[in-house]
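Undergrad: Could you have a look at this structure, given as structure tokens, before my questions?
No lab work stands behind these numbers, since they all come straight from the coordinates. Since the model is a prediction, treat every value here as computed from it, not as a measurement. Positions of Cβ are backbone-derived with ideal geometry, glycine not excepted, and every protein chain shown enters the neighbour counts.
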Amino acid sequence: MTVVNVLSGGAAAAVVKGVQAQFERETGASINGNFSAVGEMRDKLVAGAPCDVVILTRPLIAKLIESGHVVEGSAKSLGLVKTGVAVKAGQQHPRITNRAELTAAFRAAKAIYHPDPDKATAGIHFMNVLKALGLDQELKARLRPYPNGATAMGEMAKSNEAGLIGCTQETEINYTPGVELVGSLPKEFELATDYTLGICTKAQEPELAQKLAGMVAGAASEAIRRKGGFAF
């Protein structure tokens with residue numbers, strides 16, 4: 001069977017999976033999706049991993065076009081995703097509308113679940129927010145980093161501990177059963193990431209890649225994207 005390889009940031013995982021059945025039914029090809037932190041996915045592509053469609057942040061796609069890894073003119077935006085705060089489903093939602101409330105919410109948490117602070121967009125941003133609040137050292141022992149936000153939210157959902165909080169892309173919160181979105185980070189710390197796809201220059205299946213790109217960034221996935229928190 002023909003395989004279309006996708007390397008994608010975790011925020012777009014549910015979008016690709018949401019159109020997968022239709023794509024496979026219409027083309028007879030299968031999708032092999034690899035979803036994790038955008039920095040990790042970028043590194044895999046540059047290292048030569050098989051890839052037909054890559055979904056990262058807009059700046060990373062732009063750099064991959066410059067470096068010749070992504071076809072110029074192939075970029076398509078899936079929409080903007082904000083970074084938000086989550087709790088386990090059914091737990092009380094802390095107030096996070098300003099700096100003081102966010103500080104109090106993080107300080108009150110028994111553990112804070114978040115994506116990779118070095119390679120994940122939301123993980124990098126989360127650590128910068130903690131530093132800006134002066135909490136990075138104070139809360140260091142309570143931090144629970146995972147390779148990507150979806151994994152972090154999944155692990156938080158499975159934990160039996162009370163008083164947990166999470167911070168990652170809102171799509172990864174909305175698409176994960178067992179956790180709930182409290183809200184976006186306060187305006188002062190707002191981050192809206194433009195997730196963008198591109199067709200890889202070394203794509204083994206360029207025509208199928210074009211079809212999948214149209215579905216992932218087009219009408220076929222619009223309802224899935226809106227439900228997850230993409231704004232466009």
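Undergrad: Taking the Cα centre of the range 37-92 as origin and charging only Cβ (+1 Lys, Arg; -1 Asp, Glu), how large is the dipole, in debye to the nearest 20?
TA: Value, rounded to 20: 300 debye.
Undergrad: Further question on the same structure: Along the charge dipole of the chain, pointing to its positive end and built from +1/-1 on Cβ of Lys, Arg, Asp and Glu, which listed residue (LEU197, ASN128, ALA86) has its Cα farthest out?
TA: About the Cα centre, the residue reaching furthest to the positive side is ALA86.
Undergrad: On a 0 to 90° scale, report how tilted helix 99-108 is relative to the longest principal axis of the chain, with both axes built from alpha carbons and the result rounded to the nearest 10.
TA: The angle comes out near 80 degrees.
Undergrad: Can you sort CYS200, CYS51 by how many other beta carbons sit within 10 Å, fewest first?
TA: CYS200, CYS51
Undergrad: Roughly how big is the chain's charge dipole about its Cα centre, with Cβ charges of +1 (Lys, Arg) and -1 (Asp, Glu), in debye to the nearest 20?
TA: Its charge dipole is roughly 500 debye.
Undergrad: Exactly which trypsin sites (Lys or Arg not before Pro) in the range 38-115 are in a DSSP loop and have at most 14 other Cβ atoms within 10 Å?
TA: Of the trypsin sites (Lys or Arg not before Pro), the ones in loops of the range 38-115 whose Cβ has at most 14 other Cβ atoms within 10 Å are ARG95, LYS110.
Undergrad: Can you tell me the dipole magnitude for the range 81-189 around its Cα centre, using point charges on the Cβ only (Lys, Arg +1; Asp, Glu -1), in Debye to the nearest 20?
TA: Charge dipole, the range 81-189, about its Cα centre: 200 debye, nearest 20.
Undergrad: Evaluate the relative contact order of the chain (contact order divided by residue number), counting alpha-carbon pairs under 8 angstrom at least 6 apart; express in whole percent.
TA: 32
Undergrad: In terms of Cα to Cα distance under 16 Å, which lysines are near enough to LYS140, apart from those fewer than 8 places away along the same chain?
TA: LYS110, LYS131
Undergrad: Here are several values of Rg and Dmax of the Cα atoms in Å: (1) 19.2, 69; (2) 17.8, 55; (3) 16.6, 50. Which one was derived from the coordinates shown?
TA: Working out Rg and Dmax of the Cα atoms in Å from the coordinates points to (2).
Undergrad: Follow-up. Angle check, please: helix 206-216 long axis (alpha carbons) against the longest principal axis of the chain (alpha carbons), in degrees 0 to 90, nearest 10.
TA: Computed tilt is about 40 degrees.
Undergrad: Report, ordered by chain and residue number, the aspartates and glutamates lying within cross-link reach of LYS119, taken as a straight Cα distance under 15 Å and ignoring same-chain residues fewer than 8 apart.
TA: Output for LYS119: GLU40, ASP43.
Undergrad: Still on this structure, I have one more. Fewest Cβ neighbours within 10 Å first, please rank TYR195, TYR175 accordingly.
TA: Ranked by crowding around the Cβ, least crowded first: TYR175, TYR195.
Undergrad: With angles folded into 0 to 90 degrees, how steeply does helix 149-158 sit against the dominant principal axis of the chain? Use alpha carbons for both and round to 10.
TA: It is inclined by approximately 50 degrees.
Undergrad: Could you work out [θ]222 nm for the chain from helices alone, using -39500 (n - 2.57) per DSSP H run of at least four and dividing by all its residues? Round to the nearest 500 deg cm²/dmol.
TA: -11000 deg cm²/dmol
Undergrad: Determine, for HIS125, HIS114, HIS69, HIS93, the number of other Cβ atoms within 10 Å of each Cβ, and report the residues in order from fewest to most.
TA: So the residues, fewest neighbours to most, are HIS93, HIS69, HIS125, HIS114.
Undergrad: Could you tell me which residue out of GLY166, ALA141, MET156 lies farthest along the dipole of the range 130-181 toward its positive end? Charges go on the beta carbon: Lys and Arg +1, Asp and Glu -1, centred on the Cα centre.
TA: It is ALA141, whose Cα lies furthest towards the positive end.
Undergrad: Along the charge dipole of the chain, which of PRO186, ALA109, SER67 sits closest to the positive end, that is, farthest toward it, with unit charges on the beta carbon of Lys, Arg, Asp and Glu (+1, +1, -1, -1)?
TA: Value: ALA109.
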